[in-house]
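Participant: Submitted below is the structure of interest, expressed as structure tokens.
Read the figures in this text as sums done on the coordinates, not as results from a lab. As the structure is a computational prediction, the values presented were derived from the model and not from experiment. Don't worry about glycine lacking a Cβ; one is built from the backbone with ideal geometry, like all the others, and counts go over all protein chains shown.
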Amino acid sequence: MTGQEKTEGCVFCAIPGGDEALTYLLHRGAHWYVVLNRYPYNGGHLLLVLNRHAATLGECAPQELQEMAQLLAVMERALVECFNPDGLNCGYNGGRSAGAGIPEHLHLHMLPRWAGDTNFMSTIGETRVMPLTLDQAWVRLRPVLARLAGAGA
Ligand SMILES: [Zn+2]
């Protein structure tokens, strides 16, 4: 693996070194990892996080961008298989003004949506009651992501 630089005090740099059951890490790719968002807008809210501490898509190498697309497709399949949602949101918040909580470490969001759930934008920054706990989501998604990623999706 290349690009192992870490920045002290960065939550996203610390997650891969922690206990997966506590950090809710779901999958380790060559350049990115998949983790549950601790502050989900909806049950099953996933984050795709770059392994190294870089802020923008423009700083990514071609192989990092390629794996990003592959893993987003795996995440989409896993969410559909596990939760059968009515839809999905996928996005990148570039900078704090765009809503990024940790703008200095690149990450993308993907979350399942159901008809009648609260509007995505209005839920940012609010604490919501989740029908699915983080533990439940982690247990369900982990084997499915492992299988789909291993299948070379
Ligand atoms: Zn970092």
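Participant: I want to check the label-to-label distance for residue 92 and residue 20. Put each point 7 Å from Cα in the C-beta direction and report it in nm to one decimal.
Facilitator: Those two pseudo-labels are separated by 2.7 nm.
Participant: On to the next question. Taking amide H positions as placed 1.01 Å from N in the peptide plane, with prolines and chain starts having none, which residues 5 or more places from residue 54, or on another chain, fall under 5 Å of its amide H?
Facilitator: Counting only residues 5 or more places away or on other chains, the set is 106.
Participant: Which residue, 51, 102, 73, has the largest displacement toward the positive end of the dipole of segment 29-118 when charges sit on each Cβ (Lys, Arg +1; Asp, Glu -1)?
Facilitator: Projecting each Cα onto the dipole axis, the largest value belongs to 102.
Participant: Now a separate question. Can you list the residues, at least 5 places off or on another chain, whose amide H is less than 5 Å from the amide H of residue 88, using H built in the peptide plane?
Facilitator: When sequence neighbours closer than 5 places are left aside, the close amide H contacts are 113.
Participant: Follow-up question, since we're still on this one. Would you mind estimating how fast segment 11-150 diffuses translationally, via Stokes-Einstein at 25 °C and 0.890 mPa s with the Kirkwood radius over Cα pairs, in µm²/s? All intermediate terms of the calculation are to be shown ahead of the outcome.
Facilitator: Values: Rh = 15.2 Å.
Roughly 161 µm²/s, to the nearest whole number.
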